[in-house]
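Notes follow once the structure below has been shown.
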Amino acid sequence: MGSLKPGATYIYERDGNRIYAREFGSTQRQIVGYDSNVQEFKERRYYMNHINELLLMCEQDAGMRQLLEQLFVLYNLKKTHE
């Protein structure tokens, strides 16, 4: 349980992906953990924005479109052999 007091009542708060605990009636809080799902969501949203930009670019650039088609070929080959 670390530095938390046994038997004390705690309020848990989240700030981004950090989880804090503070004793009821106190303003002092301490980090007790992290929520990895929040970070994963941010990373996924970051990549989705870039993927959308990439797809738009592939519509306008023949070289990029060819590379995207090659990526899909590789993806389908790997998917069928797993």
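The values are calculated or read from the model by the stated rules, or taken from the named source; none is laboratory data. Remember, predicted model here, so these are calculated numbers, not experimental data. Neighbour counts run over all protein chains shown; Cβ positions are idealised from the backbone, glycine included.
Scanning the range 30-82 for residues that are among the β-branched types (Val, Ile, Thr) and assigned to a helix (DSSP H, G or I), we see that the one that is nearest to residue 13 (Cα to Cα) is 38. On the basis of being in contact with a strand residue (DSSP E or B) (Cβ under 8 Å, 6 or more places away or on another chain) and among the aliphatic types (A, V, I, L, M), does residue 21 make the cut? Spelling it out, residue 21 is indeed in contact with a strand residue (DSSP E or B) (Cβ under 8 Å, 6 or more places away or on another chain) and among the aliphatic types (A, V, I, L, M). Filtering the range 4-13 to residues that are part of a loop (DSSP other than H, G, I, E, B) and on the phi < 0 side of the Ramachandran plot leaves 4, 5, 6, 8, 9. I'm trying to understand the selection: among the residues of the range 14-29, which are exposed (fewer than 12 other Cβ atoms within 10 Å of the Cβ), modelled with pLDDT of 90 or more and in a strand (DSSP E or B)? Those that are exposed (fewer than 12 other Cβ atoms within 10 Å of the Cβ), modelled with pLDDT of 90 or more and in a strand (DSSP E or B): none in the range 14-29.
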